[in-house]
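The values are calculated or read from the model by the stated rules, or taken from the named source; none is laboratory data. Predicted, not measured: the structure shown is a model, and the values here were computed from it. Cβ placement follows ideal geometry from the backbone for every residue including glycine, while neighbour counts extend to all protein chains displayed. SASA here: full protein model, heavy atoms, side chains in, ligands and nucleic acids out. Shrake-Rupley method; radii C 1.70, N 1.55, O 1.52, S 1.80 Å.
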Amino acid sequence: KETIDWIRKVFFTQVDQAQDIKRLLACEGEVWIRFYNDFKYFLPKDFVMNKRVKRPPDNPINALVSFGNTLLYTKTISAIYQTHLDQRISFLHEPSEGRFSLSLDISEVFKPVIVFRTIFDLVNNRKLQVEKHFEKSVNYCILNEEGRKIFIEAFEARLENVFQHPRLKRKVSYRTAIKLDCYKLIKNILEGNEFVPFSLKEG
(Lines give C-alpha, C1' and ligand atoms only; values in the text may rest on other atoms or scores of the structure.)
Protein backbone atom coordinates (compact mmCIF):
# COMPACT_ATOMS: atom_id res chain seq x y z
CA LYS A 1 0.00 0.00 0.00
CA GLU A 2 2.84 2.37 0.82
CA THR A 3 4.32 1.90 -2.65
CA ILE A 4 0.95 2.23 -4.41
CA ASP A 5 0.21 5.44 -2.48
CA TRP A 6 3.64 6.81 -3.42
CA ILE A 7 3.02 6.01 -7.11
CA ARG A 8 -0.31 7.82 -7.06
CA LYS A 9 0.82 10.86 -5.07
CA VAL A 10 4.45 11.33 -6.11
CA PHE A 11 5.57 9.16 -9.03
CA PHE A 12 3.02 10.31 -11.64
CA THR A 13 3.81 13.94 -10.83
CA GLN A 14 7.56 13.31 -11.16
CA VAL A 15 7.03 11.69 -14.57
CA ASP A 16 4.86 14.58 -15.79
CA GLN A 17 7.47 17.10 -14.64
CA ALA A 18 10.51 15.26 -16.06
CA GLN A 19 12.26 17.57 -18.51
CA ASP A 20 14.59 15.04 -20.12
CA ILE A 21 15.13 11.32 -20.63
CA LYS A 22 17.75 11.10 -17.89
CA ARG A 23 15.26 12.34 -15.30
CA LEU A 24 12.54 10.07 -16.67
CA LEU A 25 14.79 7.01 -16.38
CA ALA A 26 15.64 8.05 -12.80
CA CYS A 27 11.92 8.04 -11.97
CA GLU A 28 11.61 4.62 -13.56
CA GLY A 29 14.59 3.33 -11.59
CA GLU A 30 13.06 4.47 -8.29
CA VAL A 31 9.72 2.77 -8.92
CA TRP A 32 11.49 -0.51 -9.84
CA ILE A 33 13.52 -0.36 -6.59
CA ARG A 34 10.35 0.09 -4.55
CA PHE A 35 8.72 -2.77 -6.46
CA TYR A 36 11.64 -5.12 -5.76
CA ASN A 37 11.69 -4.13 -2.08
CA ASP A 38 8.05 -5.18 -1.77
CA PHE A 39 8.76 -8.76 -2.86
CA LYS A 40 9.15 -9.61 0.85
CA TYR A 41 5.41 -9.18 1.27
CA PHE A 42 4.32 -11.80 -1.25
CA LEU A 43 7.22 -14.15 -2.05
CA PRO A 44 8.81 -16.90 0.08
CA LYS A 45 11.87 -15.83 2.06
CA ASP A 46 14.33 -17.68 -0.16
CA PHE A 47 13.13 -15.64 -3.17
CA VAL A 48 13.27 -12.19 -1.59
CA MET A 49 15.62 -9.76 -3.34
CA ASN A 50 18.18 -7.72 -1.39
CA LYS A 51 18.93 -5.63 -4.47
CA ARG A 52 18.75 -6.01 -8.24
CA VAL A 53 21.95 -7.57 -9.56
CA LYS A 54 22.10 -8.29 -13.30
CA ARG A 55 25.52 -9.50 -14.46
CA PRO A 56 25.79 -12.04 -13.09
CA PRO A 57 22.61 -12.54 -11.03
CA ASP A 58 23.59 -13.44 -7.47
CA ASN A 59 20.46 -15.10 -6.06
CA PRO A 60 17.39 -17.04 -7.31
CA ILE A 61 15.04 -14.08 -7.80
CA ASN A 62 17.68 -12.08 -9.69
CA ALA A 63 18.29 -15.14 -11.85
CA LEU A 64 14.57 -15.36 -12.67
CA VAL A 65 14.24 -11.65 -13.46
CA SER A 66 17.32 -11.67 -15.71
CA PHE A 67 16.21 -14.82 -17.54
CA GLY A 68 12.64 -13.56 -17.97
CA ASN A 69 13.78 -10.15 -19.20
CA THR A 70 16.11 -11.81 -21.72
CA LEU A 71 13.30 -13.98 -23.07
CA LEU A 72 11.00 -10.96 -23.40
CA TYR A 73 13.75 -8.95 -25.08
CA THR A 74 14.24 -11.64 -27.75
CA LYS A 75 10.48 -11.96 -28.32
CA THR A 76 10.29 -8.20 -28.80
CA ILE A 77 13.16 -8.29 -31.28
CA SER A 78 11.22 -10.91 -33.25
CA ALA A 79 8.08 -8.73 -33.25
CA ILE A 80 10.00 -5.65 -34.42
CA TYR A 81 11.62 -7.62 -37.25
CA GLN A 82 8.14 -8.20 -38.65
CA THR A 83 7.66 -4.44 -39.07
CA HIS A 84 9.54 -1.60 -40.80
CA LEU A 85 10.96 -0.25 -37.54
CA ASP A 86 14.73 -0.02 -37.09
CA GLN A 87 15.95 -1.93 -34.03
CA ARG A 88 18.78 0.55 -33.52
CA ILE A 89 16.66 3.71 -33.24
CA SER A 90 15.21 4.09 -29.76
CA PHE A 91 13.64 6.77 -27.58
CA LEU A 92 14.59 5.99 -23.97
CA HIS A 93 17.40 3.43 -23.86
CA GLU A 94 20.65 4.50 -25.47
CA PRO A 95 21.91 2.44 -28.41
CA SER A 96 25.00 0.38 -27.62
CA GLU A 97 27.05 -2.35 -29.20
CA GLY A 98 25.56 -5.79 -28.76
CA ARG A 99 21.96 -4.85 -28.02
CA PHE A 100 18.91 -3.48 -29.83
CA SER A 101 17.76 -0.49 -27.83
CA LEU A 102 14.28 -0.19 -29.42
CA SER A 103 13.51 -3.68 -28.14
CA LEU A 104 14.41 -2.51 -24.64
CA ASP A 105 12.02 0.44 -25.02
CA ILE A 106 9.05 -1.58 -26.25
CA SER A 107 9.51 -4.57 -23.93
CA GLU A 108 9.56 -2.41 -20.78
CA VAL A 109 5.78 -2.08 -20.39
CA PHE A 110 5.28 -5.83 -20.84
CA LYS A 111 7.60 -6.87 -18.00
CA PRO A 112 4.96 -6.70 -15.23
CA VAL A 113 2.30 -8.66 -17.09
CA ILE A 114 4.53 -11.24 -18.78
CA VAL A 115 7.82 -11.63 -16.90
CA PHE A 116 6.77 -10.92 -13.33
CA ARG A 117 3.41 -12.68 -13.43
CA THR A 118 5.25 -15.73 -14.73
CA ILE A 119 7.78 -15.48 -11.89
CA PHE A 120 5.18 -14.96 -9.16
CA ASP A 121 3.09 -17.89 -10.39
CA LEU A 122 6.04 -20.28 -10.57
CA VAL A 123 7.48 -19.26 -7.20
CA ASN A 124 4.29 -18.96 -5.13
CA ASN A 125 2.94 -22.25 -6.47
CA ARG A 126 6.32 -23.90 -5.81
CA LYS A 127 6.75 -24.95 -9.42
CA LEU A 128 10.28 -23.53 -9.08
CA GLN A 129 12.20 -24.29 -5.88
CA VAL A 130 15.59 -22.99 -4.79
CA GLU A 131 16.96 -26.40 -3.81
CA LYS A 132 15.83 -28.15 -7.02
CA HIS A 133 16.08 -25.70 -9.91
CA PHE A 134 19.10 -23.44 -9.41
CA GLU A 135 22.86 -23.73 -9.73
CA LYS A 136 24.93 -21.59 -7.40
CA SER A 137 28.58 -20.61 -7.37
CA VAL A 138 30.58 -18.08 -5.38
CA ASN A 139 29.17 -14.96 -7.03
CA TYR A 140 26.36 -16.05 -9.34
CA CYS A 141 23.12 -18.01 -9.47
CA ILE A 142 21.38 -19.42 -12.56
CA LEU A 143 18.52 -21.74 -13.38
CA ASN A 144 19.53 -25.31 -14.08
CA GLU A 145 18.30 -27.15 -17.18
CA GLU A 146 15.08 -28.36 -15.54
CA GLY A 147 14.41 -24.90 -14.13
CA ARG A 148 14.90 -23.25 -17.51
CA LYS A 149 12.52 -25.73 -19.13
CA ILE A 150 9.82 -25.02 -16.54
CA PHE A 151 10.26 -21.26 -16.89
CA ILE A 152 10.23 -21.26 -20.70
CA GLU A 153 7.08 -23.38 -20.84
CA ALA A 154 5.30 -21.03 -18.42
CA PHE A 155 6.62 -17.96 -20.25
CA GLU A 156 5.39 -19.21 -23.63
CA ALA A 157 2.00 -20.07 -22.13
CA ARG A 158 1.82 -16.57 -20.69
CA LEU A 159 2.50 -15.06 -24.13
CA GLU A 160 -0.47 -16.98 -25.52
CA ASN A 161 -2.82 -15.84 -22.76
CA VAL A 162 -5.54 -13.61 -24.19
CA PHE A 163 -7.41 -10.55 -22.95
CA GLN A 164 -10.26 -8.45 -24.31
CA HIS A 165 -8.69 -5.55 -26.17
CA PRO A 166 -10.73 -2.41 -25.36
CA ARG A 167 -10.13 -0.69 -28.69
CA LEU A 168 -10.15 -3.66 -31.07
CA LYS A 169 -13.17 -5.18 -29.28
CA ARG A 170 -11.74 -8.68 -29.59
CA LYS A 171 -9.46 -11.00 -27.71
CA VAL A 172 -5.73 -10.77 -28.42
CA SER A 173 -2.73 -12.56 -26.94
CA TYR A 174 0.15 -10.85 -25.17
CA ARG A 175 2.37 -11.95 -28.05
CA THR A 176 0.09 -10.02 -30.42
CA ALA A 177 0.00 -7.07 -28.02
CA ILE A 178 3.78 -6.64 -28.41
CA LYS A 179 3.36 -6.48 -32.18
CA LEU A 180 0.46 -4.01 -31.82
CA ASP A 181 2.72 -1.65 -29.88
CA CYS A 182 5.15 -1.76 -32.80
CA TYR A 183 2.37 -0.79 -35.19
CA LYS A 184 1.24 2.00 -32.85
CA LEU A 185 4.78 3.38 -32.94
CA ILE A 186 4.79 3.27 -36.75
CA LYS A 187 1.51 5.22 -36.84
CA ASN A 188 3.04 7.76 -34.48
CA ILE A 189 6.06 8.22 -36.76
CA LEU A 190 4.22 8.25 -40.09
CA GLU A 191 0.86 9.79 -39.18
CA GLY A 192 1.50 11.67 -35.97
CA ASN A 193 -0.95 9.56 -33.94
CA GLU A 194 -0.30 9.69 -30.21
CA PHE A 195 1.68 6.66 -29.08
CA VAL A 196 -0.07 5.09 -26.08
CA PRO A 197 1.81 1.92 -25.09
CA PHE A 198 0.23 -1.23 -23.71
CA SER A 199 -1.15 -0.83 -20.20
CA LEU A 200 -2.16 -3.33 -17.56
CA LYS A 201 -5.55 -1.67 -17.76
CA GLU A 202 -5.87 -3.32 -21.18
CA GLY A 203 -4.78 -6.79 -20.15
Report summary line: Among 191, 156, the single one that is open to solvent by 90 Å² or more (accessible area, probe 1.4 Å), at pLDDT 90 or above and of a type in the set (D, E, K, R) is 191
Requested in this report: Show the residue pairs that are 6+ apart or on different chains and have beta-carbon atoms under 9 Å apart, the first residue being within segment 79-92 and modelled with pLDDT of 90 or more, the second being assigned to a loop (DSSP other than H, G, I, E, B) and surrounded by 12 or more Cβ atoms within 10 Å (Cβ to Cβ).
Outcome: 80/87; 80/100; 81/87
Query raised in the report: Within segment 132-144, is even one residue loosely packed, with under 11 Cβ neighbours inside 10 Å, out of contact with any strand residue (DSSP E or B) (no Cβ under 7 Å at 6 or more places or on another chain) and among the hydroxyl-bearing types (Ser, Thr, Tyr)?
Result: yes
